[in-house]
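A short write-up of the structure that comes next.
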Amino acid sequence: MDGQQGGRNAFENSSADNVVQAGTVNGGVHVNSTPPPLANLTPQAAAAQLVAMKTGEAADALAAFPYRTALLTVLLADHEATTIGLLGDMELAVARDLVDALPSPPDWLGGLLTASEGFGNAALGPARNKVRRAAPSPQGSTGFSRDYDKGRAYWSADTLFQTVVHPFLREHDRRGGTGGELGFPVGERAWNCTDDTPGGLFYQRFEGGVIYESSPPRVVRDPDLALFDRFGFPTGDETGLGTFFADQVKGTFQPFERGTAYWVDNVALVREGDSSVLFGVRAT
């Protein structure tokens, strides 16, 4: 009687995950603390266990789960960042089957699969972390990124797949990454030269401007390279006009090889020689 009562209490006090592992050893109750197979759990319990697994094991377990659509739905609702990493590391065909089976998949999942396919072809060495969401840009782009030994890969529907390496990546991060003024990269690293700089410089274009690989790196809010075409490379940083004028004047200026650009009240003016002419308008 005492043995039966003791066995009943031990059964009732053990966790739901361990109950299926309980048994009798030498007349007493023995509970195996090894977690049960994922297939024996509810989608909610399986999701909680899956997020603690190593990435490769978790991806395999998700793909093999008998109710994987229900499990993926729970993961998306409760563990979005982990789910992005899992789907990003799966074989593309398997991940696409999982997403296609969802009754109402979020729109961004299609973008994730496109990004993961591009990231798989990145010539940046081994991956250092999982695919993750990138911060939305001031220009309205949203997407994903992944770090590698030699740089970082980005994807958004507006800017497509691009890679950024140092020193551009360091400067981009210093200015807030994709969530900062520069936003997502819109092109790969490129090279150009001028009469004043015949040796040339590498540069990279972003949604909100250009980083030039000078020493130190210079940033120009000129994503279309219009100022470069007119004035060449920047020779200094963009500086507030308050340095030289009344503090109430709201604007900035930046020197270039063949002129100076001024922005006052969002209107861009350029100085060539002793004259100033209207050049255009820069959005804030």
Enumerated helices (runs of 4 or more DSSP H) restricted to region 45-123, each holding at least 3 residues that are at pLDDT below 95, in contact with an Asp or Glu (Cβ under 9 Å, 6 or more places away or on another chain) and farther than 22 Å from Trp155 by Cβ:
55-64
Within region 221-246, which residues are of a type in the set (A, V, I, L, M) and either modelled with pLDDT of 95 or more or in a helix (DSSP H, G or I) (or both)?
Ala226, Leu227, Leu241
Go through Ser145, Ser137 for me and flag whichever is in a loop (DSSP other than H, G, I, E, B) and either under 21 Å from Gly110 (Cβ atoms) or of a type in the set (A, V, I, L, M) (or both).
Ser137
Identify all residues within region 114-149 that are in contact with a Ser or Thr (Cβ under 7 Å, 6 or more places away or on another chain) and either without any contact (Cβ under 8 Å) to a residue 12 or more places away in the chain or of a type in the set (S, T, N, Q) (or both); write none if there are none.
Ser137, Ser141, Thr142
Which residue is surrounded by the fewest Cβ atoms within 10 Å (Cβ to Cβ), if the candidates are limited to region 97-120 and must be of a type in the set (Asp, Glu) and within 18 Å of the chain's Cα centre (by Cα)?
Asp107
How many of the residues in region 142-155 are out of contact with any helix residue (DSSP H, G or I) (no Cβ under 6 Å at 6 or more places or on another chain) and surrounded by 20 or more Cβ atoms within 10 Å (Cβ to Cβ)?
3
Out of Arg189, Arg152, sole residue that is free of Cβ contacts under 8 Å to residues at least 40 places away in the same chain, in contact with a Phe, Trp or Tyr (Cβ under 7 Å, 6 or more places away or on another chain) and charged (D, E, K, R)
Arg189
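The values are calculated or read from the model by the stated rules, or taken from the named source; none is laboratory data. Fair warning: this is a prediction, and the values are worked out from it, not measured in the lab. Cβ coordinates were reconstructed from backbone atoms using ideal geometry, including for glycine residues, and neighbour counts include every protein chain displayed.
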